[in-house]
Every structure is written in C-alpha cells, then in structure tokens.
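The values are calculated or read from the model by the stated rules, or taken from the named source; none is laboratory data. These figures come from a predicted structure and were not determined experimentally. Cβ placement follows ideal geometry from the backbone for every residue including glycine, while neighbour counts extend to all protein chains displayed.
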Amino acid sequence: MSAVAPLKVFITGASSGLGEALARHYADHGAIVGLFARREAELARIAAALAPAVVTTYAGDVRDERALAAAAGDFIARHGLADVVIANAGVSRGTLTEHPQDLAAFRAVFDTNVLGMVATFMPFAAAMQRKRAGTLVGIASVAGFRGLAGSGAYSASKSAAITYLESLRLEMRPFGVAVVTVCPGYIATPMTARNPYRMPFMLQPGDAAARIARAIAARRRFIVLPRPMALAARGMKLLPRPLYDRLFVRAGRKPRVDDD
C-alpha cells in the first residue's frame, strides 16, 4: 500500500497572528507548508520552530504580484501544486473620509485585503483547474457585513473580499476546485491588540486555526466563527438601516494609526 502524500499548503500573512497559527496547525499535522509574509526574520523564526516539518518561506508583500508569482512558482517547483492556498494577509487602519491624507490608507487597505487576495490565488488557479482539485481560502471578516464608523476602508475591503470570493466560487465550481470564505470575528492578534473597545467572543489564534482547518477539510463554502459571533453578525445584517444607524453611530472606533 502506497503512503498518502502529505498535504501541501501555501499561506500568506504567515509571520504572526492567524497566519502563524495556521502554519503551526498544518505543520503539526504533517503538511508541507509555504509561508509568505513581509517580515523575513519572523518567517525564519517560525520555520525554525516548526522543524522538522517541511517549511519553505518567502519574504514579500502581497501588493507585489511579481513576488507572489515567483514564490508560488518556486513552491510548485519544489513540492508540487498546493492542495490548499490561504489568502490570509490583511491590514486594518482607522480611516475618515474628511481627511485627504487617509486616501493613501484606503488604497493600502484595498490593495492588500482585496487585490492581494486575487494575486495570491492567481498563480495557482489555472493549474488547479487543470488538475480539477484544490481549495482556495480567503480570510475575510464579519466587519464586511455592515459598515462600521471609522473603519470605512477595512469594512469595505472585507465586503469586497466576500463578494469576490463568491464570484470565484462560482467560477471554480465546474472544475472541482473549492473556494472557502472565512469570516472571523475577533481573534487575539497584534492587529486586534490595538483596538480601544470591547471585543466580544474573542478567539485565540490556535483555536481559530483549528476551526478554519476543519472547515477547509470539509470544503465549506462559507464560515463565520465563533458561533456566537455568527449569530450576532446575522442579527446585524437584518437590522433595518434606521435602527442600525441609531445603535452603531457611537460605537467604538479604530484610531487613525498604522495597524499593520
């Protein structure tokens, strides 16, 4: 009987937070892991910690499609086509439209959270179609369900990511390629550590990674986690606009600072 080939997983935004937790989860379960992130030193630290797992690291920014394409090409050449590609890289910045200087922040958030996701999938998509196998995973957010004051860039980018992933799911379905949309609530990461407001139903990164991995293995189309946040988010979506406005106009806001 031949041995089962190890799962091959490529993850962006892998140098901290949820991305690091996903890398640890898959490496601990015997997967071959490719990690892409901006901070080369942090990637080296994680790779060393995951030994003796097979880990290949790539330093780069998801806004650089050439760097992503080169990393994907190298990973495929070394290990074969990835079974799972997780577009996890993301940034969150407080933004206000009345500040002209915030246009640069809007652009950075959209370029990372939306176009960076497209650029992550693009080098793998055609090969997965030909093979008629594979799973593309996009990390969106419950923040994409309704607009949040002070988070126009982040909420809009995650809403765009959710809609893009739905389109992609329909496009890939005839080829047998799964597309999984993940909408977490709050996860204890460096990004959320700076939020100056209460964050209910907070998940630890390892717990979130395990839940997401189960959803990926089951080829779930759409997952919100944890369950209490899914119920809360569903309720938010159903609120009439006048009531939503009254309830959330004074909700806590992310400061206008770099949060990536």
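Here no helices (runs of 4 or more DSSP H) wholly within region 17-132 include at least 3 residues being over 21 Å from T181 (Cα atoms) and in contact with a His (Cβ under 7 Å, 6 or more places away or on another chain).
For region 29-53, taking the residues that are out of contact with any strand residue (DSSP E or B) (no Cβ under 8 Å at 6 or more places or on another chain) and not hydrophobic (A, V, I, L, M, F, W, C), the one that is nearest to A14 (Cα to Cα) is identified as E42. In region 43-56, which residues are free of Cβ contacts under 8 Å to residues at least 24 places away in the same chain and surrounded by 19 or more Cβ atoms within 10 Å (Cβ to Cβ)? Across region 43-56, the qualifying residue is only A47. Filtered by the rule that a residue be in a loop (DSSP other than H, G, I, E, B), among the hydrophobic types (A, V, I, L, M, F, W, C) and either more than 13 Å from A59 (Cα to Cα) or at pLDDT below 90 (or both), region 1-16 gives M1, A3, V4, A5, L7. Going by what's in this entry, would D74 be described as surrounded by fewer than 20 Cβ atoms within 10 Å (Cβ to Cβ), closer than 21 Å to A14 by Cβ and either in contact (Cβ under 8 Å) with a residue 60 or more places away in the chain or within 14 Å of the chain's Cα centre (by Cα) (or both)? So D74 does not fit the description; no.
The set of residues in region 1-42 being within 17 Å of A210 (Cβ to Cβ), touching a helix residue (DSSP H, G or I) at 6+ places or on another chain (Cβ under 7 Å) and without any contact (Cβ under 8 Å) to a residue 40 or more places away in the chain consists of A23, A27, V33. Remark: pairs (first residue in region 108-122, in contact (Cβ under 8 Å) with a residue 40 or more places away in the chain; second residue in a helix (DSSP H, G or I) and acidic (D, E); Cβ separation under 7 Å; 6+ apart in sequence or on different chains) = A119/E65. For region 1-28, the candidate set comprises residues that are out of contact with any Lys or Arg (no Cβ under 7 Å at 6 or more places or on another chain) and among the polar types (S, T, N, Q); within that set, the residue that is surrounded by the fewest Cβ atoms within 10 Å (Cβ to Cβ) is S2. Figure legend. Inter-residue proximity from region 196-215: first residues closer than 19 Å to T181 by Cα and basic (K, R), second residues outside any helix (DSSP H, G or I) and modelled with pLDDT of 80 or more, beta-carbon distance below 7 Å, spacing 6+ or different chains. Indicated pairs: R211/L225.
Taking into account only those residues within region 144-190 that are over 15 Å from F222 (Cα atoms) and without any contact (Cβ under 8 Å) to a residue 24 or more places away in the chain, which is surrounded by the fewest Cβ atoms within 10 Å (Cβ to Cβ)? Filtering first and then ranking leaves P174. Mind checking which residues of region 168-192 are farther than 25 Å from V33 by Cβ and either at pLDDT below 80 or not in a helix (DSSP H, G or I) (or both)? Within region 168-192, G185, Y186 meet the criteria. Can you confirm whether R234 is touching a residue at least 40 places away in the same chain (Cβ under 8 Å) and surrounded by 11 or more Cβ atoms within 10 Å (Cβ to Cβ)? No, not satisfied. For region 84-106, the set of residues classified as touching a residue at least 24 places away in the same chain (Cβ under 8 Å) and over 30 Å from A218 (Cα atoms) consists of R93, G94, T95, L96, T97, H99, D102, A105, F106, listed by residue number.
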